[in-house]
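Written below as structure tokens is the structure these notes are about.
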Amino acid sequence: MRTFDVAVIGVGGMGSAACYHLSKAGLSVLGVDQFSIPNTRGSSHGSTRILRLGLHESTKYVPLVQRAAQLWDELGEQCGQTIFHRIGSLDVSLPDKAIFSGSLSACERCDIAHEVLDRAEIRKRHPALMPEPNMMAVFQPGSGFVAPEMAISAHVNLAIAAGAEIHGHERMLGWTSDAGGYLVTTTHGQYRTRHLIITAGAWIGKVLAAAAVPVQAERCVLGWFSTGPNSAIFSDKKLPVWIVDSEELGHFYGFPAHGIPGFKLGRLREIPSPAIDPDIPRREADREDEDDMRSFVREIFPGANGPVLSMETCFFENTPDRSPIIDRIPGEASAWVVGGFSGHGFKYSSAVGEIARDLILRGECNFDLTPFRLSRFSNP
Ligand SMILES: Cc1cc2nc3c(=O)[nH]c(=O)nc-3n(C[C@H](O)[C@H](O)[C@H](O)COP(=O)(O)OP(=O)(O)OC[C@H]3O[C@@H](n4cnc5c(N)ncnc54)[C@H](O)[C@@H]3O)c2cc1C
């Protein structure tokens, strides 16, 4: 039976970064994913993921995203491709709403470069965007987007070059522990490992059902709309990544045109949102999804109100408080769960891989992981 220092279960955003940092540190690493690497069946596809430095959600994420941005730049240099595109970000809402006020406060408190734009200035600089009356924006020049498939591929290629063994189309069926570590059973065989890391994304709640780890899958839809003759104002020269929170139309986020043709956007819904079984094929994106996005596009980005070009479904991997879990699995000496990033985690994944390495090597890391402990759900 093959023996490894570490087995990483799930080679998506978090798992690929963990495999890279662990193998670069000289450990023998097995990474297994039930699907292709990368794939379009989890949470890490669709060509772009927003990276904001001043996060409206909470300043607790700022050190993590700052380290992640450095690591994305380093990864890009190593693989010779741009992975983090620093094209700026806009957080747009009425001034008393969290998107604007939370982002402004995070930028001020953490000394992150930013500008405050009123509606007229937004219109002047970013003609594609038609904010509602009285909306304001926080512009952050150091933010932008990460290319997720490219990031996973770069981490995996470099991990393999450093000696990691990565298997696609191999599903973990279960694991048991003993004095020597863990025995992992997959569809293809059994492996011994001293340490185990579960990075199974939207499947974590199922994979760790016995430990009652509260991660649930939510079906989300991304859409790409044709900009017809207006493509110039939807290029990354004229439009950064954006979030717009409208009382009437909903909370949407999106990107300038990149990779896949068209103007890309998606919707963020409040939790609790309907949880689904990630093993049951997702309902395909349909006319109802298109209509939902179009009512927003028509008002806020009217230049992109053309035919839909693509739609994709994807999973959010939600925890009850929409904050991630990075912790030891209860009762285990060296089995860890890393996930539940609840629809905002890709940006951090480069730094999360480094954290996984430090937890395995030292049992601790340079970040305060208290907010991400599992115990918060039992002792709120
Ligand atoms: C529509 C959408 C938009 C988003 N927008 C943003 C954004 O703008 N910015 C941002 O930072 N984040 C964003 N996110 C969130 C971000 O993409 C996720 O938080 C992140 O990708 C999660 O990574 P992960 O590694 O946990 O999951 P995944 O990348 O899905 O990886 C989990 C992997 O585990 C594998 N797996 C599961 N069970 C098993 C098993 N038993 N055996 C083997 N393999 C298994 C799966 O096949 C999968 O490949 C978005 C997510 C979605 C869906």
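Sequentially through the range 167-176, phi angles give Karplus couplings (6.51, -1.76, 1.60; θ = phi - 60°) of 10, x, 6, 9, 9, 6, 9, x, 8, 9 Hz, Gly and Pro residues having no value and appearing as x. Over all other residues within a Cβ to Cβ distance under 15 Å of His114, the charged ones net out to -2, with Lys and Arg as +1 and Asp and Glu as -1. A compact globular protein would have a Cα radius of gyration near 2.2 N^0.38 Å; the ratio found for the range 230-380 is 1.29. Sequentially through the range 341-348, phi angles give Karplus couplings (6.51, -1.76, 1.60; θ = phi - 60°) of 6, 6, x, 9, x, 4, 3, 8 Hz, Gly and Pro residues having no value and appearing as x. The charge dipole of the range 81-164, taken about its Cα centre with unit charges on the Cβ of Lys, Arg, Asp and Glu (plus for the first two, minus for the last two), comes to roughly 180 debye.
Once backbone amide H atoms are built at 1.01 Å from N, Ser89 has Gln140, Ser143 as its partners under 5 Å, excluding neighbours fewer than 5 places away on the same chain.
Principal-axis analysis of the Cα atoms of the chain puts helix 287-300 at an angle of about 50° to the longest axis. For the chain, the longest principal axis of the Cα atoms and the long axis of helix 98-109 meet at an angle of about 70 degrees. The angle between the Cα long axis of helix 13-24 and the main principal axis of the chain comes to about 50°, on a 0 to 90 degree scale. Computed over the range 1-144, the P(r) curve from all C-alpha pair distances, binned at 10 Å from the origin, holds 11, 30, 29, 19, 8, 2, 0 percent per bin. Summarising the strand pairing of the chain, around 70 percent of its internal DSSP beta bridges are antiparallel. Diagonalising the gyration tensor over the Cα atoms of the range 203-264 and scaling each eigenvalue by 5 before taking the square root yields semi-axes of 35, 14, 10 Å, largest first.
Taking a quarter of the surface of the Cα convex hull of the range 250-309, what do you get in nm²? Show your work: numbers first, answer last.
Working: hull surface 20.6 nm².
So the Cα hull casts an average projection of 5.1 nm².
What per residue convex hull volume, in Å³, comes out for the range 217-317 when only alpha-carbon positions are used?
Numbers: hull volume 10.4 nm³, N = 101.
Taking the convex hull of the Cα positions in the range 217-317, it is 103 Å³ per residue.
Short to long, the 10 Å bins of the Cα pair-distance histogram for the chain hold 5, 24, 33, 24, 11, 3, 0 percent of all pairs. With θ taken as phi - 60° and the Karplus curve 6.51 cos²θ - 1.76 cosθ + 1.60 applied, the whole-hertz 3J(HN,Hα) list for the range 229-237 is x, 9, 4, 4, 7, 9, 7, 6, 6 Hz, x standing for glycine and proline.
The modelled label-to-label distance between Lys60 and Glu299, using points 7 Å beyond Cα along the C-beta direction, is 3.2 nm.
Based on Cβ point charges of +1 for Lys and Arg and -1 for Asp and Glu, what charge dipole magnitude is obtained for the chain about its Cα centre, in debye rounded to the nearest 20?
With Lys and Arg at +1 and Asp and Glu at -1, about 440 debye.
When each of Glu247, Glu354, Glu165 is scored by the number of other beta-carbon atoms lying within 10 Å, the sequence from fewest to most is Glu247, Glu165, Glu354.
Under 5 Å from the amide H of His167 lie the amide H atoms of Gly31, Val32, Asp33, each residue being 5 or more positions distant or on a separate chain, with H modelled from the backbone and absent for Pro and chain starts.
Read-outs throughout are calculated quantities, based only on the coordinates presented, and are distinct from any laboratory measurement. As the structure is a prediction and not an experimental result, all values here were calculated from the model. Note that we place each Cβ from the backbone using ideal geometry, even for glycine, and neighbour counts take in every protein chain shown.
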